[in-house]
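So the structure is just underneath, and the comments pick up after that.
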Amino acid sequence: MSASNITSTHPAVFLLVGIPGLEHLHVWISIPFCFAYTLALLGNGTLLFIIRADAALHEPMYLFLAMLATIDLVLSSTTLPKMLAIFWFKDREINFYACLVQMFFLHSFSIMESAVLLAMAFDRYVAICKPLHYTTVLTRTLITKIGIAAMTRAVTLMTPLPFLLRRFHYCRGPMIAHCYCEHMAVVRLACGDTRFNNIYGIAVAMFIVVLDLLFVILSYIFILQAVLQLASQEARYKAFGTCVSHIGAILSTYSPVVISSVMHRVARRAAPHVHILLAIFYLLFPPMINPIIYGVKTKQIRDHVLSLFRKKAM
């Protein structure tokens, strides 16, 4: 049989349903999503501008924060524009390869975010437990290597996904019961043996979440030990106060993951839109809340933002 007579085993386009069961509320649901996306763009964009503009903020903690802000911008921009197009214009079509690209960016940058949060925990560990060696340990070279390692790990783990999905025949139709191209939502449309995809997806998620969280927790055990050894209570508050923003970022990132995982096991019979709303919350909440956490709790960033407002008011 000639190559020209061979039909593609995948559809040219997928159709994103949006939020199944809540299609009649899409326009109303889009309002808080649009507001959260706008906050994420403004907040993370402002953080990047301030860190770039102020040479005093070119320190390890703020360089990691700039990485986190960049990742949050990419994560939210990978999914939200298309999601809003579905809600506002019923533009549900997405090209098969565009779907794979969206999935790759979504999962890759989620893994990068976890790695950067781990790097920020290491930064706080060195700052509190080994303050005299802070500048010699966390050099620009090491920070660059950490950033490259975070990117390499994410790309290496996620590169197989598009190739694995290309080999399937999608006989269950082109309708993806989701707002974006999430790996398992696409796998459910495929025929044939998808066990490897299922196992690979779960294994990667568990590997990243468990491993990174374990090292973050270990960092904070050492930090807590060092803080409790400080002589005065004021010094303890001051030392641990430098970690509050990072703890907030960890909670904002991992809490939705844990809640979604628990819901999948405890409330398996819950309506599909419950799980999808939780998945969207995971994508929207950290990019929206992280700039607020760091803006409020970090004096240098707060002072810079206030000075910008004073200049505009003059």
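Which one of SER114, SER110 is in contact with an Asp or Glu (Cβ under 9 Å, 6 or more places away or on another chain), modelled with pLDDT under 95 and part of a helix (DSSP H, G or I)?
Numbers: SER110 fails: in contact with an Asp or Glu (Cβ under 9 Å, 6 or more places away or on another chain).
SER114 is the lone residue from the list that is in contact with an Asp or Glu (Cβ under 9 Å, 6 or more places away or on another chain), modelled with pLDDT under 95 and part of a helix (DSSP H, G or I).
Please name all residue pairs, on different chains or six or more residues apart, with Cβ atoms under 7 Å, provided the first residue is in segment 226-246 and is within 13 Å of ALA127 (Cβ to Cβ) and the second residue is not in a helix (DSSP H, G or I).
Going by the 7 Å Cβ cut-off, the qualifying pairs are ALA239/LEU230; SER245/THR298.
Could you give every pair whose Cβ atoms fall below 9 Å, whose first residue belongs to segment 130-151 and is surrounded by 14 or more Cβ atoms within 10 Å (Cβ to Cβ), and whose second residue is of a type in the set (S, T, N, Q), counting only separations of at least 6 or pairs across chains?
Partner pairs satisfying both residue conditions: ALA150/SER114; MET151/SER108.
Keeping to segment 112-133, report how many residues are of a type in the set (A, V, I, L, M, F, W, C) and farther than 16 Å from LEU224 by Cβ.
Let us first name the residues in segment 112-133 that are of a type in the set (A, V, I, L, M, F, W, C), namely 112, 115-122, 126-129, 132.
Next, from what is left, pick out any that are farther than 16 Å from LEU224 by Cβ: 112, 115-120, 132.
So the count comes out to 8.
What number of residues within segment 178-218 are under 21 Å from the mean Cα position of the chain (by Cα) and of a type in the set (Asp, Glu)?
Residues flagged as under 21 Å from the mean Cα position of the chain (by Cα) and of a type in the set (Asp, Glu) within segment 178-218 amount to 2.
Going through segment 189-230 one residue at a time, which ones are farther than 16 Å from LYS130 by Cα, out of contact with any Gly (no Cβ under 7 Å at 6 or more places or on another chain) and in a loop (DSSP other than H, G, I, E, B)? Steps first, please.
Just the residues of segment 189-230 that are farther than 16 Å from LYS130 by Cα, to begin with: 189-217.
Restricting the remaining residues to those that are out of contact with any Gly (no Cβ under 7 Å at 6 or more places or on another chain) gives 190-217.
ALA190, CYS191, GLY192, ASP193, THR194 - these are the residues of segment 189-230 that are farther than 16 Å from LYS130 by Cα, out of contact with any Gly (no Cβ under 7 Å at 6 or more places or on another chain) and in a loop (DSSP other than H, G, I, E, B).
Restricting segment 92-110 to residues that are open to solvent by less than 10 Å² (accessible area, probe 1.4 Å) and within 15 Å of the chain's Cα centre (by Cα), which is nearest to THR139 (Cα to Cα)?
SER108
Which one is nearest to MET83 (Cα to Cα), of the residues in segment 175-215 that are aliphatic (A, V, I, L, M) and touching a Phe, Trp or Tyr at 6+ places or on another chain (Cβ under 9 Å)? Give the derivation first.
Just the residues of segment 175-215 that are aliphatic (A, V, I, L, M), to begin with: 175-177, 184-187, 189-190, 199, 202-206, 208-211, 213-214.
From the residues that got through so far, the ones that are touching a Phe, Trp or Tyr at 6+ places or on another chain (Cβ under 9 Å) too are 175-176, 186-187, 189-190, 209, 213.
Numbers: MET175: 15, ILE176: 13, VAL186: 16, VAL187: 20, LEU189: 20, ALA190: 23, VAL209: 26, LEU213: 30 Å.
The selected residue is ILE176.
Taking interchain pairs and intrachain pairs at least six residues apart, which have beta carbon atoms under 8 angstrom, with the first residue in segment 174-188 and closer than 17 Å to PHE109 by Cβ and the second open to solvent by less than 10 Å² (accessible area, probe 1.4 Å) and of a type in the set (D, E, K, R)?
Note: no pairs meet the criteria.
Which of the residues that make up segment 29-60 are open to solvent by 60 Å² or more (accessible area, probe 1.4 Å), over 30 Å from GLY18 (Cα atoms) and of a type in the set (A, V, I, L, M)?
Selection gives ALA53, ALA55, ALA56.
Would you call LEU165 at pLDDT 90 or above, among the aliphatic types (A, V, I, L, M), open to solvent by less than 10 Å² (accessible area, probe 1.4 Å) and in a helix (DSSP H, G or I)?
Numbers: at pLDDT 90 or above: yes; among the aliphatic types (A, V, I, L, M): yes; open to solvent by less than 10 Å² (accessible area, probe 1.4 Å): yes; in a helix (DSSP H, G or I): yes.
It is true that LEU165 is at pLDDT 90 or above, among the aliphatic types (A, V, I, L, M), open to solvent by less than 10 Å² (accessible area, probe 1.4 Å) and in a helix (DSSP H, G or I).
If you go through segment 64-101, how many residues are more than 15 Å from ASP212 (Cβ to Cβ) and out of contact with any strand residue (DSSP E or B) (no Cβ under 7 Å at 6 or more places or on another chain)? Walk me through it before giving the result.
At the first step, the residues of segment 64-101 found to be more than 15 Å from ASP212 (Cβ to Cβ) are 65-66, 69-70, 72-101.
When the remaining residues are screened for being out of contact with any strand residue (DSSP E or B) (no Cβ under 7 Å at 6 or more places or on another chain), the result is 65-66, 69-70, 72-81, 83-85, 87-91, 97-98, 100-101.
Residues in segment 64-101 being more than 15 Å from ASP212 (Cβ to Cβ) and out of contact with any strand residue (DSSP E or B) (no Cβ under 7 Å at 6 or more places or on another chain): 26 in total.
The values are calculated or read from the model by the stated rules, or taken from the named source; none is laboratory data. In this text, all values refer to a predicted model and were calculated from it rather than measured experimentally. Ideal geometry is used to build each Cβ from the backbone, glycine not excepted, and the neighbour counts take in all protein chains shown. SASA here: full protein model, heavy atoms, side chains in, ligands and nucleic acids out. Shrake-Rupley method; radii C 1.70, N 1.55, O 1.52, S 1.80 Å.
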